[in-house]
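The next block holds one structure in the form of structure tokens; read it before the comments.
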Amino acid sequence: MIRTAQPADLDAIATLHARARATYYRGHLPEQDYAGEGEVGRTREGWSRAVARSAADGGVLCAEQDGQLAGVAAFRTERGETTLTQLHVDPAHWRRGIGAALHAACLDAWRRAGIRRVRLEVYEKNLRAQAFYAAHGWRPDPATPGSGSHRTLWLTVPEPSGEGEASGE
């Protein structure tokens, strides 16, 4: 089940986010940069701001499986540009379609809001995420290749009838 995140979800979201990040940062960054109580607290604060945004400024969606938080996605629209800022699935729930369901829910929200193009930045060493995004139509933009350790990808939101195809511009 996909639903809008609520303030009561913040502890579960921050914990899930920390577990997911550890899978791709471990061995690449010092552990204090992505794990530990301080990082979970900082992460929770960021998610708190995201959950509090108005619908016009973005959204946070939660995926539940068997009554437990299994994934989360967040997007933000600022100065006319929409960014998928987060999409995480709890590693214990990988390969069950949760990421695809969250992505589809984001697409629906973007269509309803009239958003036609979305960007994201993905950690360059997170090959699992890069493969996921490529399979869902995200493409690198040579004009904005990325910043430092992240790659920038773009998605043209496909038409709801399935006539359009997700492709980069």
Got at least one residue in the stretch 72-82 being in a strand (DSSP E or B), among the polar types (S, T, N, Q) and either at pLDDT 90 or above or within 23 Å of residue 154 (Cα to Cα) (or both)?
yes
Could you identify the single residue in 92, 109 that is modelled with pLDDT under 95, more than 12 Å from the chain's Cα centre (by Cα) and either under 23 Å from residue 7 (Cα atoms) or in a helix (DSSP H, G or I) (or both)?
92
Given the options 92, 105, name the one that is among the small types (Gly, Ala, Ser), out of contact with any His (no Cβ under 9 Å at 6 or more places or on another chain) and surrounded by 14 or more Cβ atoms within 10 Å (Cβ to Cβ).
105
Given the conditions (1) closer than 19 Å to residue 62 by Cβ; (2) charged (D, E, K, R); (3) modelled with pLDDT under 85, report the number of the one that residue 165 does not fulfil.
(1)
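Quick grid of which residues meet (1) at pLDDT below 85; (2) closer than 25 Å to residue 127 by Cβ:
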| site | (1), (2) |
| --- | --- |
| 3 | no, no |
| 6 | no, no |
| 9 | no, no |
| 12 | no, no |
| 16 | no, yes |
| 24 | yes, yes |
| 27 | yes, yes |
| 41 | yes, no |
| 45 | no, no |
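Conditions tested, residue by residue: (1) more than 22 Å from residue 79 (Cβ to Cβ); (2) without any contact (Cβ under 8 Å) to a residue 60 or more places away in the chain; (3) surrounded by fewer than 17 Cβ atoms within 10 Å (Cβ to Cβ); (4) polar (S, T, N, Q).
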position: 121; (1), (2), (3), (4): no, yes, no, no
position: 124; (1), (2), (3), (4): yes, yes, yes, no
position: 131; (1), (2), (3), (4): yes, yes, yes, no
position: 137; (1), (2), (3), (4): yes, yes, no, no
position: 143; (1), (2), (3), (4): no, yes, yes, no
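The values are calculated or read from the model by the stated rules, or taken from the named source; none is laboratory data. In this text the structure is predicted, and so the values were computed from the model without any measurement. Cβ: placed from backbone, ideal geometry, glycine included. Neighbour counts: every protein chain shown.
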